[in-house]
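Structure first, then comments.
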Amino acid sequence: MEEKIKSFLEEINLFLFTNEESAEAFRLKYLSKKGIIPALFEEFKTLPPEQRKTTGKSLNELKQLAEQKLADAKSTINKSPDKDTVKTDLSLPGDPHSLGARHPISIVRKQMTDIFTRIGFVVSEGPEIEDDWHNFGALNFPPNHPARDMQDTFFIDSGDGEKWLLRTHTSSVQVRVMENQQPPIRTISPGRVYRNETISARAHCQFHQVEGLYIDEGVSFADLKQTLYYFVQEMFGDKIEIRFRPSFFPFTEPSAEMDITCLICNGAGCPVCKHSGWVEILGCGMVHPNVLDNCKIDSTKYTGYAFGMGIERITMLKFRINDLRLFFENDIRFLSQFKSVL
């Protein structure tokens with residue numbers, strides 16, 4: 001058996017490794033369960049006790065040599081520059097980075113802001129957590145007036161006796177502007193608002209608004225209509241059809257709602273327009289004298305108009321989207337459609 005071990009020692013020392021296949025062949029021949037070295041260990045068990053000490057030492061040296069030889073070969077093969085050269089083509093272009101897209105609400109909000117700033121409006125912002133005065137009181141909502149029922153409000157228990165709430169409209173920002181600035185005032189107030197409504201394809205408990213306010217001497221309802229005609233034509237094109245309907249808001253008198261042709265069904269009728277062919281996009285009217293007086297503006301000298309619209313509604317019409325909930329679900333398949341929109 002000593003002669004066999006000596007022969008295999010010489011054979012292993014002379015073995016040449018050229019690639020991964022030759023290393024695997026070496027392992028199978030010498031070290032696998034059915035290889036030469038495990039077979040020698042089985043044969044070793046049959047030797048007389050007096051031979052085992054010397055032969056066992058030689059057999060262990062053979063196994064250690066084979067294992068070390070295989071480990072060195074694998075390390076050399078893995079570090080071989082030829083291997084990297086074969087599998088890596090440095091002339092190929094790199095993997096492109098996928099760019100994100102602006103949210104459709106952000107896109108339309110910027111478009112709306114740009115339209116109004118072109119005709120002299122400035123952007124005003126305010127807090128989303130408001131007190132009762134700025135959200136209701138200053139806007140001609142008496143404490144027990146039924147008009148307060150128009151807003152399903154999220155009230156906040158502050159523990160200090162004050163009535164705080166999540167603003168239900170950005171008209172509260174207009175109140176803050178009027179309190180701190182005398183006419184002429186020409187401002188728009190974009191922002192997020194909250195109402196306790198059932199979430200559906202047409203409504204959500206949080207959404208975005210742009211509200212506008214213009215106060216000066218001699219401002220009339222005709223000025224309001226022309227401003228809104230300009231906005232709609234800039235946003236949707238010259239051929240859009242528009243209609244005004246009388247309405248009621250505590251903070252404007254007279255008041256109106258403005259509808260445009262449903263662009264999702266082109267007036268044929270769909271769930272978004274409730275099969276009427278028209279979609280209401282905003283409410284508007286002349287600022288109520290009580291609102292001016294509450295903000296220390298002389299209602300005998302100044303008049304003004306105000307309007308407010310939901311950005312989600314405009315976005316749905318602009319991009320033919322039939323479910324408002326898509327704006328809040330962060331589905332990458334939906335959002336990636338707006339990569340090409342500036």
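The values are calculated or read from the model by the stated rules, or taken from the named source; none is laboratory data. This is a predicted model, so every value here is computed, not measured. A quick note on method: Cβ atoms are made from the backbone with ideal geometry, for glycine too, and the neighbour counts reach across all protein chains shown.
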Worksheet item: Does the range 311-333 include one or more residues that are more than 31 Å from the chain's Cα centre (by Cα), part of a loop (DSSP other than H, G, I, E, B) and over 20 Å from G212 (Cα atoms)?
Response: no
Worksheet, complete the sentence: Of the residues in the range 8-21, those that are without any contact (Cβ under 8 Å) to a residue 40 or more places away in the chain and closer than 15 Å to G35 by Cβ come to E11
Discussion item. Regarding the range 278-287, can at least one residue be identified that is surrounded by fewer than 19 Cβ atoms within 10 Å (Cβ to Cβ) and at pLDDT 95 or above?
Written reply: no
Worksheet item: For E280, are the conditions met, namely being acidic (D, E), under 36 Å from the mean Cα position of the chain (by Cα) and assigned by TED's automatic domain parsing to the domain that holds A222?
Response: yes
Practice prompt. Quick one: which strands (runs of 3 or more DSSP E) lie wholly within the range 152-208 and hold at least 3 residues that are in the same structural domain as V279 (by TED's automatic domain parsing) and in contact with an Asp or Glu (Cβ under 8 Å, 6 or more places away or on another chain)?
Written response: 163-166, 185-194
Item to complete: Look at the range 148-203 and say how many of its residues are in contact with a strand residue (DSSP E or B) (Cβ under 7 Å, 6 or more places away or on another chain) and aliphatic (A, V, I, L, M).
Response: 9
Worksheet item: So which pairs qualify, if the first residue must be in the range 36-54 and within 17 Å of Q64 (Cα to Cα), the second must be β-branched (V, I, T), the Cβ gap must be under 9 Å, and the two must be at least 6 apart or on different chains?
Response: L40/I5; F44/T55
Worksheet item: When you look at G218, is it in contact (Cβ under 8 Å) with a residue 24 or more places away in the chain, surrounded by fewer than 19 Cβ atoms within 10 Å (Cβ to Cβ) and part of a loop (DSSP other than H, G, I, E, B), yes or no?
Response: yes
Item to complete: Check off (1) part of a strand (DSSP E or B); (2) out of contact with any helix residue (DSSP H, G or I) (no Cβ under 6 Å at 6 or more places or on another chain) for Y305 and give me the number that stays unchecked.
Response: (2)
Response to the item:
Those helices (runs of 4 or more DSSP H) completely within the range 1-92 that have 1 or more residues that are of a type in the set (S, T, Y) and loosely packed, with under 13 Cβ neighbours inside 10 Å are 2-14, 49-78, 81-87
Practice prompt. Take T113 and decide whether it is of a type in the set (V, I, T), surrounded by 12 or more Cβ atoms within 10 Å (Cβ to Cβ) and in contact with a Pro (Cβ under 8 Å, 6 or more places away or on another chain).
Written response: yes
Discussion item. Regarding the range 300-307, can at least one residue be identified that is surrounded by fewer than 19 Cβ atoms within 10 Å (Cβ to Cβ) and free of Cβ contacts under 8 Å to residues at least 24 places away in the same chain?
Written reply: yes
Worksheet, complete the sentence: Every listed condition ((1) within 54 Å of the chain's Cα centre (by Cα); (2) exposed (fewer than 11 other Cβ atoms within 10 Å of the Cβ); (3) in a loop (DSSP other than H, G, I, E, B)) holds for R102 save (2)
